[in-house]
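Asks: Once you've had a glance at the structure underneath, I'll fire off some questions.
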Amino acid sequence: MEQSLDNNWIQYWRPIAEIGILSVAIYYTLNFFRGTRGWPIVLAFLGLLIGLLVCIGLNLQVLESLLSYFFGLSAFAALIIFQPELRRLLAGLGNLTFFGSLREQRENIEVILQAVDRLSESRIGALIAIEQSTHLQDVVESGIPIDCEATPEMIETIFFPNNAIHDGGIIIKEDRILSAACIFPLTRRQDISKTIGTRHRAAMGMSEESDSLVIIVSEETGAISTAHKGQLSRVITLKKLRGTLNSIFVTPIRNRSFPNWLKSIVLRNKKTSSKTKPA
């Protein structure tokens, strides 16, 4: 009797667990591809999937067989269509790089903020990509090797209009400028405004194919923009740029260095030990 009840309980909860897991997986998958150049294709696949379910429900065998054959081939097509997105997703899952200390990252952020502030005030166009876990070796090799310490003066000098290497972008890794005059891949998205220039399109293309944060300074207006995970944030303030840099480079270090629950236990033990000490 008890065994039958256990079997009924398992059969009852199994479909609920499967539906829950599939719902979460579908939600995060759609959320990941939303706003990327593959989003319209994802919507088209969803439409075809709904059509397949309708054909199964109405017993339309010819359409059902055609759509089933199409979805069998779609797995290979997805590897080609979503290559940049899949590369960025796998890079995020395998994010095992050493971030450095909080102090070092804060110092690197201040260098970038000072450089961007100077470039913005002088209305000097700039394109700065900050490497994270995805290695940008191909883009680095497309430019001129620099491999020097990243300072506001050096960044400003590179983008000075009369400089021979001011065109293109620079790659920064931690506190080093790896290369200048790099050629960034342009985005292929068709849903963006035609008024967006080549520099911003290059920033979006770089952020689509890697997890790097790209900072853009407009040559015409001096406006500051950022591109990250395929999303372009235009005309932001220096304060907002600081918050973006901290959220990407500083917050993960704080969360990984010492878990909050472990901090609370240590602090509680310290308070308890201090109270129990003899006078």
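Asks: Work through the residues other than D147 whose Cβ is under 11 Å from its Cβ and net out their charges, Lys, Arg +1 and Asp, Glu -1.
Replies: +1
Asks: Note down the nm distance, to one decimal, between modelled labels 7 Å out along Cα→Cβ at L22 and at R234.
Replies: So the label points at L22 and R234 sit 4.1 nm apart.
Asks: Any of K173/K229; K173/K240; K194/K229 with alpha carbons more than 23 Å apart? Name them for me.
Replies: Values: K173/K229 18 Å; K173/K240 21 Å; K194/K229 20 Å.
The answer is none of them.
Asks: Please arrange K194, K239 by how many other C-beta atoms lie within 10 Å of their C-beta, fewest to most. Show your work: numbers first, answer last.
Replies: On the way: K194 4, K239 9.
Ranking K194, K239 by Cβ neighbours within 10 Å, fewest first, gives K194, K239.
Asks: Still on this structure, I have one more. Work out, step by step, the length gained on full extension between E107 and S122: first 0.36 nm times the residue separation, then minus their alpha carbon distance; give nm to one decimal.
Replies: Stretched fully, the E107-S122 segment lengthens by 3.1 nm.
Asks: Now a separate question. For region 172-216, run through the GluC sites (Glu not before Pro) and keep only the ones in DSSP coil with at most 11 other Cβ atoms within 10 Å of their Cβ.
Replies: When the GluC sites (Glu not before Pro) of region 172-216 are filtered for loop state and at most 11 Cβ neighbours within 10 Å, nothing remains.
Asks: What whole-number distance in Å separates the alpha-carbon centres of region 129-175 and region 179-196?
Replies: Measuring centre to centre over Cα atoms gives 17 Å.
Asks: Just to be sure I understand the model, the point goes 7 Å from the Cα along the line to the Cβ. What's the resulting R14 to L30 distance in nm?
Replies: 2.7
Asks: Arrange E110, E149 by Cβ neighbour counts within 10 Å, fewest through most, would you?
Replies: Lowest count first: E149, E110.
Asks: Still on this structure, I have one more. In the neighborhood of L127, defined by Cβ-to-Cβ distances under 13 Å, what is the net charge if each Lys or Arg adds +1 and each Asp or Glu adds -1?
Replies: Values: positive: R199, R201; negative: D167, E219.
Neighbourhood net charge equals 0.
Asks: Sketch the reach of a paramagnetic label on D138 as a point 7 Å from Cα along Cα-to-Cβ, and name the residues of region 179-223 whose backbone nitrogen lies under 15 Å away.
Replies: Answer for region 179-223: 183-188, 205-212.
No value in this document is a laboratory result; all are computed from the given coordinates. Bear in mind that the values here come from a model prediction, so they are computed numbers and not experimental data. For neighbour counting, all protein chains shown are included, and Cβ atoms are generated from backbone atoms with ideal geometry for every residue, glycine included.
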